[in-house]
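**Student:** Dumping the structure here so I can ask a few things about it.
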Amino acid sequence: MHEITELLQAWKSGDEEALDRLMRLVDPELKKIAHNYMRNESRENILQTTALVNEALIKLIKENVRPEDRNQFYGFIRRRMRQVLVDYARAAETARRGNRPEHCHRGRRPYAHNRAATHPRRYRYAAN
């Protein structure tokens, strides 16, 4: 059995020291993964590689996910890293728009389906 898998099993059994040893062991690989994700991000992204790793690990631990083996662990971490990047991109877009939601009317005016209610002359006929 791989050393990472053994540490994951020990952590799953409740050994908190195993989590510390696991983090020291996988940290270089997690930084490589994070660096690959960060290469595809825009230059406006202020998140750094180490911060991305930390945020992904925090998400994983908060969700109380206990991976069975190293492949599952790296898969979970990759997914959490993508979630963190998406969350940061959404927050940046919201800040860029000034925290105002954009309204989309899909090519027609709002309330166009009920013109009687919005047009003053037709309103009295619609009420009857």
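Derivation of every value follows stated rules applied to the coordinates shown; laboratory data play no part. None of these values were measured; they are calculated from a predicted model. Virtual Cβ from ideal backbone geometry, glycine too; neighbours counted across all protein chains shown.
**Student:** Going by how many other beta carbons lie within 10 Å of each one, how would you line up 66, 24, fewest first? Write down the numbers at each step before the final one.
**Tutor:** On the way: 66 15, 24 10.
Least to most surrounded, the residues fall as 24, 66.
**Student:** For 65, 53, which order do you get if you count the other beta carbons within 10 Å of each Cβ and list the fewest first?
**Tutor:** Values: 65 14, 53 24.
Lowest count first: 65, 53.
**Student:** How would you rank 38, 23, 81, going from fewest to most other Cβ atoms within 10 Å of each one's own Cβ? Working shown, then result.
**Tutor:** On the way: 38 17, 23 14, 81 23.
So the residues, fewest neighbours to most, are 23, 38, 81.
**Student:** Also, quick follow-up: Quick one: grab the alpha carbon gyration tensor of the range 3-100, order the square roots of its eigenvalues as a ≥ b ≥ c, and give me rounded if a/c is under 1.5, else prolate or oblate depending on whether a/b is larger than b/c.
**Tutor:** On the way: a/c = 2.96, a/b = 2.11, b/c = 1.40.
Judged from the Cα gyration tensor, the range 3-100 comes out prolate (a/c at least 1.5, a/b above b/c).
**Student:** Something else: Over what distance in Å are the Cα centres of the range 45-74 and the range 17-42 separated?
**Tutor:** The two parts, judged by their Cα centres, are 8 Å apart.
**Student:** If you don't mind, another one. Using the Cβ atoms and a cut-off under 12 Å, what net charge is assigned to the surroundings of residue 18, where Lys and Arg are +1 and Asp and Glu are -1?
**Tutor:** Numbers: positive: 12, 21, 24, 66; negative: 3, 6, 15, 16, 17, 20.
Spelling it out: positives minus negatives among the neighbours equals -2.
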